[in-house]
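Enquirer: What follows is a single structure, and I will ask about it in a moment.
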Amino acid sequence: MSFGESVPLDRVAAVHGVRLESLARSGGAGDSSWWDLIKTVTTGAVVSRGVVSGVLGSVAGSLTKAGASEASRARPQDSSQADRAALIDLGWLGNGGEVTAARRRLRKDLGATPVTWTLSAADPAGERRARVLVGVTQAVVIEEATRRPWHVRDHPADDRVHVGLVSRSALPLVLAAWVGLGPAWSVDTDVAVPADLVEARLRSAEVPAPRGADAALCAIWSNPWVLWSVSCPNWRGAEAHLSAGDRGQFLVRPIGDGRTVRLVAQPATLIWGRLLEVCHPPEIIADDWGR
């Protein structure tokens, strides 16, 4: 029996006070409501990228590929009043500017080289990216505060980022919200579509379905799309996935030279099971959920 079947999504959502229906309605990370959805399981704030690096030190070095030199020079004591308030909200800074015990515990929990995940999600409004620093009992989710527009090739790194602290037990739920995993009338299909047409539909919901498309593909085509990917050590495969709202999840698998892709239906239980396996080794799942 897979972990996804052993620890159902609705059970985890109920434990953390999240309505299961809200996950699919969020549209995944492509929707601005994503942070609203996960606020029940995170302590979050918007803060400058450089200040995050200053607080977390070397463990956050991978967050600042663009503008890294500026980030490395930024320190919490140099931050703006808004940043200081955000750090206090996160529990990383005391009212008098002192380092808190919670911040020291977090640094210890993450260790010198925490496991780092990269998340991406794209919809017609653009692309959103996030990184997750995974510690022993806690994780830090850091997402660019704005989307990268499709029409801007070299979009500068966003100076402001959303930062959320989450327990390891709630991390699968955070990822489920990111990918838009929730109740769906899944369409069981495996259909080939030109790759450039899929990209055009991702950029604009006005792009019509292919000529001769059957009812299943038309149903997928007419729903909101979010193309998402997860990159981390335990995630098997490099293919992107498509969330089609209440029509479910689909693997986007290139064929041959990549000019054509197959949209292969993926049961929600399968995606959920993979998220659980990525977030927790079996023994941690057993401890968290009493198996």
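Values quoted throughout were computed directly from the atomic coordinates according to the rules given, and no laboratory measurement underlies them. Remember, predicted model here, so these are calculated numbers, not experimental data. Please note: Cβ atoms are built from the backbone with ideal geometry, for glycine as well, and neighbour counts cover all protein chains shown.
Enquirer: With each label point set 7 Å from Cα along the Cα-Cβ vector, what nm distance links Val136 and Arg236?
Expert: Result: 3.0 nm between the two label points.
Enquirer: Separate question: Using modelled backbone amide H atoms (1.01 Å from N, in-plane), which distant-in-sequence or interchain residues come within less than 5 Å of Ala240's amide H?
Expert: Val252
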